1. Could you report the stretch 39-93's accessible area per residue, 1.4 Å probe, as an integer in Å²?
2. Between Asn34 and Ile89, how high is the FRET efficiency from 1/(1 + (r/R0)^6) when r is the Cβ-Cβ distance and R₀ = 25 Å? Nearest 0.05.
3. At 7 Å along Cα-to-Cβ for each site, give me the label-to-label distance between Asp72 and Arg26 in nm.
4. Please give the net charge around Ser84, taking every other residue with its beta carbon less than 15 angstrom from that of Ser84, where Lys and Arg add +1 and Asp and Glu add -1.
5. Can you return the lysines within cross-link range of Lys66? Criterion is Cα-Cα under 22 Å, with same-chain partners fewer than 8 residues away left out.
6. As a test of reading the structure, rank Tyr42, Tyr70 by solvent-accessible area (1.4 Å probe, protein chains only), most first.
7. Suppose accessible area is computed on protein heavy atoms with a 1.4 Å probe; arrange Val61, Val15 from highest to lowest.
8. If the limit is 29 Å between Cα atoms, which of Lys49/Lys83; Lys59/Lys83; Lys69/Lys90 go over it?
Amino acid sequence: MNFGLMSKTLSGEIVNLSLGIDLTLRELTDLIINRCHALLGYSPSVNFKDKSIENNGQKLVISNRKLKKYVDPKFNISKEIDKSLLNCIKWLL
């Protein structure tokens with residue numbers, strides 16, 4: 001991924017970094033909670049102010065079509081969440 005991001009062919013171009021999969025906000029929230037529990041032994045509580053957002057089933061979709069022109073974006077979402085959680089711990093403690 002670094003090669004693609006450092007490439008001069010991307011100079012000044014805006015590219016979405018995404019998995020190319022779609023998840024509901026609830027699915028993404030549950031995945032983060034589960035990874036937090038598996039990695040840190042802690043399951044955070046998440047409350048949605050607007051309950052209609054939590055249960056509406058609408059998928060969050062971010063296209064990575066443009067990114068695929070430059071690199072092959074193969075990510076493991078659980079590993080990426082784990083890295084983010086560990087970085088948060090490092091930065092905040």
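1. Details: 4590 Å² over 55 residues.
Accessible area per residue: 83 Å².
2. Computed FRET efficiency for Asn34 and Ile89: 0.90.
3. Label at Asp72, label at Arg26, 3.6 nm between them.
4. Values: positive: Arg35, Lys79, Lys83, Lys90; negative: Glu80, Asp82.
Around Ser84, the surrounding residues sum to +2.
5. Counting by Cα, and skipping residues close in sequence, Lys66 has these lysines nearby: Lys8, Lys74.
6. Numbers: Tyr42 130, Tyr70 70 Å².
Sorted by accessible area, descending: Tyr42, Tyr70.
7. On the way: Val61 105, Val15 35 Å².
These residues rank, largest area first, as Val61, Val15.
8. Numbers: Lys49/Lys83 27 Å; Lys59/Lys83 24 Å; Lys69/Lys90 34 Å.
The answer is Lys69/Lys90.
The values are calculated or read from the model by the stated rules, or taken from the named source; none is laboratory data. Just so it is clear, the structure is predicted and the values come from calculations on it, not from any experiment. Counting neighbours? That spans all protein chains shown, and the Cβs are built from the backbone with ideal geometry, glycine included. Side chains included, ligands, DNA and RNA excluded: accessible areas come from the protein's heavy atoms. Shrake-Rupley method; radii C 1.70, N 1.55, O 1.52, S 1.80 Å.
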